[in-house]
Amino acid sequence: MKKTRIVIVEASIEKVPKKIMKHPAIQKDAKRRGRDPNKILLYLPIHYTALIKHKIPVTKRGRPDILHRILINILDHPLNKKGGLEIYFHTINDEIYWVNPEMRPPIHYYGFEGLMIQLLENGRVPPEGNLILIKRIDTKLDELMRENNRKVYALKKEGVKLTRQNLEKIYGETLVIGGFHKGEYRKDIMKLFDETISLYNETLKASTATCIALTMLYQMKNV
Ligand SMILES: C[S@@+](CC[C@H](N)C(=O)[O-])C[C@H]1O[C@@H](n2cnc3c(N)ncnc32)[C@H](O)[C@@H]1O
């Protein structure tokens, strides 16, 4: 079966920056959960005051929960269970990770956070052993998207309306999803797209957009 390559881009997976580590919002959060402040992910809903105090722009930062929800949707989707997907994500720091399509992600956000910390520190999850669930790969984003002459389609509110016809062409190619909550794709990333595909005339949550696109692909191919 031809596999569709999913690439989630600009996911905000980063540890709390050193600059704001001493801020009470960070200290309190770490203490409440019995964690070392150096071993938690930056999480906007809880660390907002620390970011604002230090004038750190928040547009595309501190929302690792978005990647978490997208991965839950993808990994549980019948299209994935039938072996129809390859899954990768890219972070705001330009790291690229491969995700084992057979992995079952933790449902609880803090469980997911623990995996991401392991991933940032060791480059893979779990840190040792033959079975790899997620690993950092040394590939450039454009090479990943275009490997074997794949076409690159990106989900975006402003784009060609999704129809049966253009759905057919996405199948087996690369489908890009923005792993961020606000703003547009980075300009250098946008340049890599052959076409943008719109699912609805309003902005959707990235996880909703993912689910719609995968379900349509699944129903069309009835794999
Ligand atoms: C919350 S949105 C980012 C906001 C961005 N201004 C937008 O409208 O696409 C996150 C991602 O969800 C997907 N998405 C959101 N709304 C969509 C729509 N109406 N059609 C297709 N994809 C959408 C896109 O991949 C987008 O990058």
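The values are calculated or read from the model by the stated rules, or taken from the named source; none is laboratory data. Everything numeric in this text was worked out from a predicted model, so none of it was measured. Cβ: placed from backbone, ideal geometry, glycine included. Neighbour counts: every protein chain shown.
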Condition check for ILE13: in contact with a helix residue (DSSP H, G or I) (Cβ under 7 Å, 6 or more places away or on another chain), aliphatic (A, V, I, L, M), part of a loop (DSSP other than H, G, I, E, B) and at pLDDT 95 or above | yes
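A quick yes/no check of all residues on (1) modelled with pLDDT under 95; (2) more than 14 Å from ASN93 (Cα to Cα); (3) more than 16 Å from the chain's Cα centre (by Cα):
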site: LYS19; (1), (2), (3): yes, yes, yes
site: GLN27; (1), (2), (3): no, yes, yes
site: LYS55; (1), (2), (3): yes, yes, yes
site: LEU71; (1), (2), (3): no, yes, no
Selection within segment 177-223 - touching a residue at least 60 places away in the same chain (Cβ under 8 Å), assigned to a loop (DSSP other than H, G, I, E, B) and surrounded by 14 or more Cβ atoms within 10 Å (Cβ to Cβ) | GLY179, PHE180, HIS181, TYR185, ARG186, VAL223
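For segment 154-166, give me each residue that is farther than 14 Å from ALA209 by Cβ and modelled with pLDDT under 90. Spell out how you get there, then give the answer.
First, pick out the residues of segment 154-166 that are farther than 14 Å from ALA209 by Cβ: 160, 163-166.
Once the filter is applied, which keeps residues that are farther than 14 Å from ALA209 by Cβ and modelled with pLDDT under 90, segment 154-166 yields THR163, ARG164, GLN165, ASN166.
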Unique residue being among the aromatic types (Phe, Trp, Tyr) and either exposed (fewer than 15 other Cβ atoms within 10 Å of the Cβ) or closer than 30 Å to LYS15 by Cβ (or both) when the list is TYR109, TYR153 = TYR109
Identity of the residue in segment 171-189, touching an Asp or Glu at 6+ places or on another chain (Cβ under 9 Å) and among the β-branched types (Val, Ile, Thr), that ends up nearest to the ligand (Cβ to nearest atom) = ILE189
